[in-house]
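What follows is calculated from the coordinates using simple rules that are stated; it is not laboratory data. Please read these numbers as outputs of a predicted model, since none were measured by experiment. Positions of Cβ are backbone-derived with ideal geometry, glycine not excepted, and every protein chain shown enters the neighbour counts.
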Ligand SMILES: [Ca+2]
């Protein structure tokens with residue numbers, strides 16, 4: 001790095017580096033520190049003195065479909081070259097879905113390639129994204145990692161398979177109709193009569209709902225306001241929770257959770273709800289796998305809550321059935337009779353088992 005007067009802006013955010021002089025000073029200090037380290041290392045190892053960075057890249061994340069992005073990238077590449085870098089590590093989600101791009105995308109890509117040739121800059125495309133893999137999964141949603149469902153019971157009714165709840169699994173008072181002394185039967189709850197109330201005026205179904213309000217006032221440190229109950233679960237079963245939520249000037253809608261904690265202290269549900277500060281009744285859904293747990297604590301509540309009002313009603317828990325079924329060699333599906341003695345053949349005895357929405361909601365490569 002010989003030219004410290006060519007700071008590279010943060011291209012992802014478009015943030016410009018305002019104080020070039022200050023940055024230059026910092027850079028010089030850094031170089032001095034590195035130089036000192038190299039001297040020290042050269043005493044310890046003759047190899048350290050031979051360090052010569054042939055490949056110096058700048059990471060650039062962009063979307064080449066947008067003309068304006070390319071207009072900005074070309075002058076940036078000139079600066080990158082002037083600063084002595086050898087190339088750009090170019091990341092674009094669309095590298096994974098090139099087959100779905102219009103001609104405009106490739107026209108823009110050719111502009112970038114031409115500029116790179118002109119400047120003798122190398123372009124290193126970032127491909128095989130692991131972690132943010134929706135671009136790959138858009139081609140084949142079944143490549144997603146899954147969790148096993150084991151011995152899930154189904155019942156045949158009128159020629160259709162219907163999931164059975166499983167003996168002993170029952171959410172008590174999910175409709176919140178049973179109330180004694182301000183407490184909802186079957187539920188553990190906190191701040192009864194302070195931030196949790198049985199509401200008989202604003203309900204979604206039946207005659208009672210749960211109203212939460214003034215949460216921070218009665219839980220100053222954590223802003224907690226939660227109901228929960230322990231239910232038995234069949235291990236390695238996919239479950240579906242649904243609940244209705246209404247809000248009125250609720251200050252912390254992001255703190256609303258339908259959480260599930262397994263008896264082996266596992267967080268089993270990761271659903272996040274998009275609740276507005278004020279909204280009418282809307283139903284929300286969460287799907288979880290019970291994994292090794294044979295009991296789970298179901299929470300509906302608020303963490304880091306503030307002021308305003310929130311209502312809950314109509315909470316249900318049921319087996320999810322064939323939701324998010326992954327079909328590939330590593331994830332075998334087997335259909336047997338209850339006693340396990342008869343194995344049924346897909347396509348002959350039962351229809352092909354699949355979830356047509358897997359990896360396609362709301363778009364290809366998404367599992368919403
Ligand atoms: Ca109700």
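The calculated FRET efficiency for the pair residue 230 and residue 154, based on their C-beta separation and a Förster distance of 25 Å, comes to about 0.45. The distance from the alpha carbon centre of the range 313-354 to that of the range 97-121 is 46 Å, rounded to a whole number.
Kindly provide the pair-distance distribution of the chain built from C-alpha pairs, with 10 Å bins from 0 and whole-percent values in order of increasing distance. Histogramming the chain at 10 Å steps yields 4, 16, 19, 17, 17, 16, 8, 2, 0 percent. By the count of neighbouring beta-carbon atoms within 10 Å, fewest first, 194, 180 end up ordered 180, 194.
Here the range 310-347 is scanned for amide nitrogen atoms under 20 Å from the site 7 Å beyond the Cα of residue 165 along Cα-to-Cβ, giving 313-323. Exposure proxy for 266, 54: other Cβ atoms within 10 Å of each Cβ, ordered fewest to most, give 54, 266.
Mean-square fluctuations from a GNM of the chain, with a 10 angstrom spring cutoff on Cα atoms, peak among 245, 130, 144 at 130.
Distance between the modelled labels on residue 89 and residue 103, one decimal in nanometres: 3.5 nm (7 Å Cα→Cβ projection). The C-alpha atoms of the chain define a longest principal axis, and helix 103-119 lies at about 30 degrees to it. How tilted is helix 67-82 with respect to the longest principal axis of the chain? Cα atoms for both, answer in degrees (0 to 90, nearest 10). Its long axis makes an angle of about 40 degrees. Centroid-to-centroid, using Cα positions, the range 259-293 and the range 53-76 are 40 Å apart.
The long axis of helix 20-44 is offset from the longest Cα principal axis of the chain by roughly 80 degrees. Classify the range 112-233 from the C-alpha gyration tensor, please: rounded if a/c falls under 1.5, else prolate or oblate depending on whether a/b exceeds b/c. The shape class here is oblate. Going from the fewest other Cβ atoms within 10 Å to the most, the residues 94, 68, 309 appear in the order 68, 94, 309. Modelled label-to-label distance, residue 178 and residue 337, 7 Å Cα→beta-carbon offset: nm? Output for this residue pair reads 3.9 nm. When you count the other C-beta atoms within 10 angstrom of each residue and take the mean per peptide, 214-221, 324-331 line up highest first as 214-221, 324-331. The Kirkwood radius of the range 179-319, taken over pairs of alpha-carbon atoms, gives through the Stokes-Einstein law at 37 °C and 0.692 mPa s a diffusion coefficient of 216 µm² s⁻¹.
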